[in-house]
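Here the structure comes first, spelled out in structure tokens, and everything after it is commentary.
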Amino acid sequence: MSVGAHLFILGLTLVSLLFIVRMVRRNQLPSRYAMLWLSIGAVIALLATFPGLLDRVSSALGIAYAPGTFFLGAITLLFLIVVHFSWELSRLDARTRLLAEELAVLRADPPPDRPRIPTPGAQPVEP
Amino acid sequence: MADVVPVDARGYSRTLVILPALNEEAALTGVLKELARDCPELDVLVVDDGSTDGTAAAARAEGVPVAVLPFNLGVGGALQTGFRYAVAHGYDRAIQFDADGQHDPSQVPALLAALDEGADLVIGSRFAAPEEGSEYDVGRVRGGAMGVLRLAVRVLSGRTFSDTSSGFRAFSAPLLDFYAASYPNEYLGDTVEALLLACQAGFTVVEVPVTMRVRAAGTPSTQNLRLAYHYLRALVSLLSRAPIRRRERAMRAANRS
């Protein structure tokens, strides 16, 4: 890859990192996700800065086509992140439902406070 | 049915009739009047599942308590809301009843009688007594899909149920506690999966023959294409529970020896 392409990727990565830092500073992104994306950004920046790094890692892993290493890592990571988000979405959904149900029960009209059928010996309850 | 005790010593209702209702303004008033006439000893709760019409107002006009959900949760969520209300207010039993008029209030005592005989979950079955109640026609496609689900339930629970998708049910106090904590909330989950969960947790499940009417008003909750998806989803969901069941069976066997 040309030096220009590497500089372009490096620049893009740095802008993305700044964007993530800005989201954290505005309390829009919890730090656990910031950590995730910052580490990913750091790895990409590292690969862009040292062009030979990906080739060396690839040959160490026995992968002939160096970009393949990158795509393998990226797809694996993104897959895991999406699965994690599915899990987290399901959990949020369950919690939201429970809150809605509890809200409905708390706001609901009380049961009628009167005997449904006057049975012999039943004590009338004064309100 | 003579030993059905609908009220406690003070004359208060032990039983809550839960009506999950989504935009049932048109049918609800008639259903509530009928319930009050046929089952005056029972308390009723309408769970308004995010209706955009006057469902809640129609219920309040009949003097019936309403629990209004802030947004639509589906039958499962509305039912679980009813279960939580029943547990919070100390009811011993609950009935699930349709707000659209397809259930007959005069058959409620039959369900309660089965509870008093020791059942935890009583299902009002449209098909339990073919010679009497066979008039209810669900159509060929839907009937076939229901058959597949019935087979899956038979394999997983080791029992045969004639009507796994009936929404006319009665629940004992222990089952109310169980369902109040967790209840399947997707379409068909509220019927088939809930039934299977009760079986797996060791609750006594029985069927009682009932007859159902054609809907008084309102629209069926789901149309054909979505129905196919939901039957498939329910099947996958049921089958994914299978290993758990096997583990429980092994544990039970271990406990016995």
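Over the stretch A:65-109, what per residue volume does the convex hull of the Cα atoms give, in whole Å³?
Per-residue hull volume (Cα only) is 31 Å³.
Any idea what the relative contact order of chain A is, in percent, if you count C-alpha pairs under 8 Å spaced at least 6 apart?
Value for chain A: 17 percent.
Relative to the longest principal axis of the C-alpha atoms of chain A, give the angle of the C-alpha long axis of helix A:31-49, reported between 0 and 90° and rounded to the nearest 10°.
The answer is roughly 10 degrees.
If amide hydrogens are placed 1.01 Å from N in the peptide plane, which non-local residues have theirs closer than 5 Å to the one on residue B:7?
B:14
Which of A:76, A:90, A:100 sits closest to the plus end of the dipole of the stretch A:65-109, meaning its Cα is farthest towards the positive end, when Lys and Arg get +1 and Asp and Glu get -1 on the C-beta?
A:76
Packing-wise, with mean Cβ within 10 Å as the measure, how do B:62-75, A:9-22 rank, highest first?
Going by the mean number of other Cβ atoms within 10 Å, highest first, we get B:62-75, A:9-22.
Taking a temperature of 20 °C and a viscosity of 1.002 mPa s, what whole-number D in µm²/s does Stokes-Einstein yield for the stretch A:1-50 with Rh from Kirkwood over alpha carbon pairs?
For these conditions, the coefficient is 191 µm²/s.
Read the figures in this text as sums done on the coordinates, not as results from a lab. Model, not experiment: these values are computed from the prediction. Cβ sites come from the backbone with ideal geometry, for glycine too, and all protein chains shown count toward neighbours.
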